[in-house]
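Worksheet: one structure, shown below.
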Amino acid sequence: IEVDEFDLVVFGASGDLANRKLLPALYHRDADGQMPENARIICSARRDYSDDDYRDYAKKALQEHVKDLDAEHLQQFLKRLRYVKIDIATAEGFEDLSTILDERTDVIRAFYLAVGPDLFGTICENLGRVGVVNDNARVVMEKPIGKDGASAKALNDTVGAVFDEHQIFRIDHYLGKETVQNLMALRFANALFEPLWNAAHIDHVQITVAESLGTGGRAGYYDTAGALRDMVQNHILQLLCLVAMEPPESMNADSVRDEKLKVLKALAPIDEHSAEKLTVRGQYRAGASAGGAVPGYLEELGNDESRTETFVALKAEIANWRWAGVPFYLRTGKRLAQRVSEIVVQFRPIPHSIFDAEAGVITANRLIIRLQPDEGVQMQVMIKDPGPGGMRLRQVPLDMSFAEAFKVRNPDAYERLIMDVIRGNQTLFMRRDEVDAAWAWIDPIQAAWAASKDTPKGYTAGTWGPSAAIALVERDGRTWAEDD
Ligand code: BG6
């Protein structure tokens with residue numbers, strides 16, 4: 001369905017995010033017929049480009065990042081692109097932007113800040129100064145939103161001085177992933193799960209976001225963040241919220257976000273007394289990954305003092321009626337054995353077996369929601385082994401692979417999210433109080449680590465992280481899903 005007429009301004013239009021994600025996402029939405037005839041994409045960066053220079057630049061980015069680029073759609077898309085040179089530091093160029101935008105004031109106006117967070121405030125102030133923030137305006141912010149609660153507050157205050165909360169779209173691209181939205185469909189469009197979705201029937205939940213890549217060209221930023229801030233504060237806590245929240249009264253943005261907020265507030269605090277027991281930090285050492293030998297994190301960084309964690313595993317608890325006593329094991333890291341993101345919901349064992357020993361072991365049911373790669377949902381159930389040989393039981397997966405079930409291209413998260421910005425739908429974006437609540441849980445963990453004499457435990461690149469992460473769940477008599 002076509003969205004309303006819009007002008008989208010992209011700051012950081014020659015950056016990595018624009019090349020890899022935003023331009024391809026916009027191209028696909030255009031090729032699918034979702035953009036109105038006169039939609040404009042106004043790209044801005046510091047380089048001295050003309051409109052045509054930027055179109056050449058964008059064409060190259062699309063050729064690199066879009067499979068099956070269609071020549072006709074490409075031409076149509078490139079025509080939408082305009083370029084304005086803006087130097088954010090000196091504020092030069094904002095007037096030129098305002099001249100272009102003022103050619104039409106009655107359309108949606110979205111400002112996408114695909115730049116480092118240190119520039120968010122300056123950009124917003126300048127947009128305010130040149131008078132382009134009208135009632136149709138909205139702003140899109142990428143993470144990281146601060147590096148702790150205090151800096152997030154300062155950032156949100158600066159942006160909030162120019163834009164109202166209903167105009168601010170804080171992207172967590174995990175919320176735009178197809179399988180993440182499917183988690184809501186699974187929970188709330190089926191009667192099957194909800195009666196079982198609580199501590200009486202669920203033993204524990206595992207959320208893993210494992211990457212096989214290292215920190216790539218982002219070691220500078222990454223070293224100031226680490227896995228806890230880079231992945232847990234946002235993506236993993238958002239996944240946890242969607243698994244754990246109460247049914248919202250509707251898909252309305254505030255209904256959903258109210259419920260997520262309650263989960264964040266119910267997270268049992270981890271502080272200097274419990275951090276050692278409930279958290280594990282790791283840092284990769286040289287090893288083998290993605291088919292070749294790779295250096296360790298410190299060598300990549302060129303600094304052997306860094307205590308930044310490239311891996312974290314946590315045991316979280318949600319202190320409310322639904323979840324009391326159900327551990328949520330969270331884990332993420334770089335240079336792990338495999339790129340896999342999944343949520344595993346482990347049900348409790350049957351209360352009593354009617355089968356004799358010959359039937360074999362009865363494994364408790366498990367629901368696996370796989371975000372990437374091979375998106376899909378799998379329910380592990382017990383069945384009888386076929387054949388006349390007696391009652392032998394076996395665990396089999398009831399499998400729903402999205403690639404097989406739907407023979408369509410799986411859209412990237414950004415496609416959905418950018419269009420939601422234009423539609424003004426904030427359901428899949430983080431509200432300010434969610435960001436605050438997430439930091440309120442993360443800050444004491446970070447402080448406990450800073451105060452501790454321990455350093456992150458080394459793990460060999462290409463493995464599942466430090467052995468302490470395995471011990472974290474084994475101490476509770478459980479195992480990580482891939483070890484079963
Ligand atoms: C980003 C993190 O938010 O998410 C990166 O900053 C990480 O460090 C990335 O690699 C993972 O996203 P995806 O979509 O590839 O799983």
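Taken together, the values in this text are just the output of simple stated rules run on the coordinates, not laboratory data. For clarity, every value in this text was computed on a predicted model and none was experimentally measured. Cβ: placed from backbone, ideal geometry, glycine included. Neighbour counts: every protein chain shown.
Things to note:
- Between the range 156-189 and the range 290-306, the Cα center-to-center distance that results, in Å: 34
- Full extension of the chain segment joining residue 65 with residue 353 gains 98.3 nm, where the gain is 0.36 nm per residue of separation less the Cα-Cα distance.
- Rounded to 10°, Cα long-axis angle of helix 120-129 versus longest principal axis of the chain: 30
- Dipole of the range 403-484 [Lys/Arg +1, Asp/Glu -1 at C-beta], most positive-end residue of 413, 460, 481: 413
- Degrees, to the nearest 10: 178-188 long Cα axis against longest axis of the chain: 60
- Assigned charges on the beta-carbon of Lys, Arg, Asp, Glu; the chain dipole about Cα centre (debye): 1080
- Peptides 94-100, 38-44 ranked from most to least packed by the mean count of surrounding Cβ atoms within 10 Å: 38-44, 94-100.
- Extreme residue, positive dipole direction of the chain, given options 77, 42, 284 (C-beta unit charges): 284
- Over the chain: helical MRE at 222 nm, DSSP H runs n ≥ 4 each giving -39500 (n - 2.57), nearest 500: -9500 deg cm²/dmol
- Tilt relative to the chain, helix 432-451 - C-alpha long axis, 0 to 90 degrees, to 10: 60
- Loop-located chymotrypsin sites (Phe, Trp or Tyr not before Pro) in the range 278-346 (DSSP state other than H, G, I, E, B) with a sparse environment of at most 12 neighbouring Cβ atoms within 10 Å: 321.
- Loop-resident sites, the range 239-272, for GluC sites (Glu not before Pro), counting at most 15 other Cβ within 10 Å (DSSP): 249, 272
- Net charge dipole, the range 332-441: roughly 140 debye, given to the nearest 20, about the Cα centre with Cβ charges of +1 for Lys and Arg and -1 for Asp and Glu.
- Checking every one of the trypsin sites (Lys or Arg not before Pro) in the range 413-484 against DSSP loop status and a limit of 12 other Cβ atoms within 10 Å picks out 453, 475.
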